[in-house]
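Enquirer: Below is a structure I'd like to ask you about.
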Amino acid sequence: MRVIGRRLALYVVTAWVAITVNFVIPRLMPGNPIQTMIGKLTNQVTPQEIQAIRSAFGVGLSQNWFTQYWHYLGQLVHGNLGVSITLSTPVTTVLGNAIPWTVGLIGVATVVSFVLGTVSGALLGWTRGSSLDNLIPVATFFQAVPYFFLGTVAFLIFSNHLGWFPGQGAYNLSLTPGFHWSYIASVLRYGELPAFTIILSSIAGWMLGMRNMMITTVGEDYVLMAVAKGLPRRRVIWHAARNAVLPSIANLSLAIGLVVSGALLVELVFNYPGVGDLLFHAVSNEDYPLIQGIFLVITLCVLAANFLADLVYFSLDPRTRTAAVV
Amino acid sequence: MKRLRLPRSPKVLVGVGIELFFLVLTVIGPWIAPYNPSYNGFAQNLAPSAKHWLGTTALGEDIFSQLLNGARATILVAVVAGLVATLIAMIVGISAGYLGGKADDGLSMLSNVFLAIPGLPLLIVLDSYLPQADRSNSLILGLVIALTGWAWGARVLRAQTMSLRNRDFVEASRIIGESRWRIMTVEIAPNLLPILASSLLFTILYSIGAYVTLAYIGLTSTSVWNWGTMMFWAQANNAPLVNQWYWFVPPGVCIALVGAGLALINFGIDEFINPRLREAGLTSKVLRRAGLSRRVRLGVTPVLRETSSPRRIHRSLQAGVQR
């Protein structure tokens, strides 16, 4: 329990750092981009909205930083992330529409990739030195390709050229979204290729990590003992794999951030209406409230996922329950 | 004196070869490019031909020239970011591991926080506030990327430092009264060399990805050619939709090759650090020649003795550590 408490404390501190970075960066950066942005906006928005932007980013305010910071935290507690400039909608509403798509796509793809990668890594580690090892350079290549590039190529070949998968977007636009089968089937169908891309890009990392741990584990005495006892091969592999998987799970919470970062861009390639697509929209239109809201929400989601992964790790590894090994 | 030498396995050789090729390209790329990459007076959307090896863009620019010019900015930013991030990782990691106590708590917390925050969104927030002039500056971009990418290395270095700090030779230097600074830089740091190298390669790999991604979403200056900017323009002009593969595939393949090369070298370092992996790296051919079965037996790690094996195997084993 103490270990879980320590991890939780870390995530709370991290969340606080992210929140504070969001506050400080606009106030520290040279050139005052917010002033420029307000200058461009004068004709498009009402004076009240400009006042709201000013108070959110601390431009032309007489209050000191401490008062501003206190005000900013108060707004966050009330779930107020400001108003998107280009969409004239509260950032929370915009994000609320995008998040389910992202969580659905990236969440499922990450879990599938982790499970597949770990299982195949265990088998690779077991059959080391065989011709299966030739998979490793291939996996390395896919690991080095940026996700968005792989997505572009996959789209070009499988969707545009061969027509195996539907085009861009998240569902067939002629259907009315709702809880009926044709819509759900369309959502699944449109999600296949983006999910496949994310799995292909991220699987190599899990596979190589598991393979290396497996090779180390297979050399341990207790594996030799299991063989000496005459256990069937499958039991021995299971025996070794269960121990080898622990570092992989411990690393899971560190890798989630990287995978999510890469996967966000896959949405961009496929015009998938998730957070990644929104982020691109925000960046190309210099919509600062939206950029910051997205950063905060992604960070909080990743931290929550990290904590879940930690809980799984702690429940699997009995050593963490007695000693404070983190 | 130990001589450190990387295993001369095919993986490492291929990796080193790829990196050398691209390093040369970084230097001579802009000189050997047939045209000015920003000149847009050619016919638009030409398919590859003898005159334009990779065709032209929708704006009438020569794609091959852009590719050759793009190597410099991409690799320069990645190397700057990699070096700076490794330096930060060294300072934080070694001090945390060696000093222990309160200093360790604070520094570990710092690196854990940076590990937990997803890098790309943070990078985008930082970069979107940079003035336009700074977005073309390789040094500033490299620093910003380094800021988001040092934590992993610090963590690994801290762990290794902690295992070194109680070894006899460190204990001895403490007793003869060497200063902390000297122990950390002269006694401990050289022993971290393989891990430092691996962490440097890993950060360069991360930095290439980060830089190219920033360029791809249009957050670096579009006046500096790099492989990400090329893909940004390709995507903006719907190149994938109209089958203009020769516009966005070459920069992507270059990025992947540089990345794969770094990863292959890293395999060599991994095998150097962990002997069990090295033995797993022996190919079946070598094992057969040594009279061992191809299928590695359960629970047994094959260890080939230099004296009892034929000369060829001897050589392949030398590929490991030479003492």
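Enquirer: Please find the FRET efficiency linking A:S174 to B:K102, where r is the Cβ-Cβ separation and R0 is fixed at 60 Å, and quote it to the nearest 0.05. Write out the running numbers ahead of the final one.
Expert: On the way: r = 63 Å, r/R0 = 1.05.
About 0.40, to the nearest 0.05.
Enquirer: Restricted to Cα positions, what overall size does the range B:1-90 have along the principal axes? Three whole-Å values, descending.
Expert: 62, 32, 19
Enquirer: What is the percent of Cα-Cα separations in the protein assembly as shown that go past 32 Å? Display every interim value, and only then the final one.
Expert: Numbers: 114853 of 210276 pairs.
Here the tail beyond 32 Å accounts for 55 percent of pairs.
Enquirer: Going by C-beta contacts inside 10 Å, put A:F57, B:F22 in order with the fewest on the left.
Expert: Numbers: A:F57 25, B:F22 17.
Ranking A:F57, B:F22 by Cβ neighbours within 10 Å, fewest first, gives B:F22, A:F57.
Enquirer: Going by C-beta contacts inside 10 Å, put B:S111, A:S88 in order with the fewest on the left.
Expert: On the way: B:S111 22, A:S88 11.
With the sparsest Cβ surroundings first, the list reads A:S88, B:S111.
Enquirer: How shielded is B:211-217 by partner chains, expressed as the average number of their Cβ atoms within 10 Å of its Cβ atoms? Please list the in-between numbers first.
Expert: Values: counts 0, 3, 7, 1, 0, 8, 10.
Mean inter-chain Cβ contacts per residue within 10 Å come to 4.
Enquirer: Show me, for the range B:12-24, the HN-Hα J-couplings you get by feeding each phi into the Karplus relation (A = 6.51, B = -1.76, C = 1.60, θ = phi - 60°), rounded to Hz, glycine and proline as x.
Expert: Karplus-based 3J(HN,Hα) across the range B:12-24 equals 5, 4, 4, x, 5, x, 4, 5, 4, 4, 6, 5, 4 Hz.
Enquirer: To continue, here is another question. Based on the Cα coordinates of the range B:84-131, what is the per residue volume of their convex hull in Å³?
Expert: It is 82 Å³ per residue.
Enquirer: Test of understanding: ordering B:Y98, B:Y39 by Cβ neighbours within 10 Å, fewest first, what list do you get? Mind dumping the intermediate values first?
Expert: Working: B:Y98 20, B:Y39 11.
Exposure proxy ranking, most exposed first: B:Y39, B:Y98.
Enquirer: Within the range B:1-85, list the trypsin sites (Lys or Arg not before Pro) lying in a DSSP loop whose Cβ has at most 10 other Cβ atoms in a 10 Å radius.
Expert: B:K2
Quick note: the coordinates plus some simple rules give every number you see, no bench work behind them. A quick note: this is a predicted structure, and the numbers were derived from the prediction, not measured. Virtual Cβ from ideal backbone geometry, glycine too; neighbours counted across all protein chains shown.
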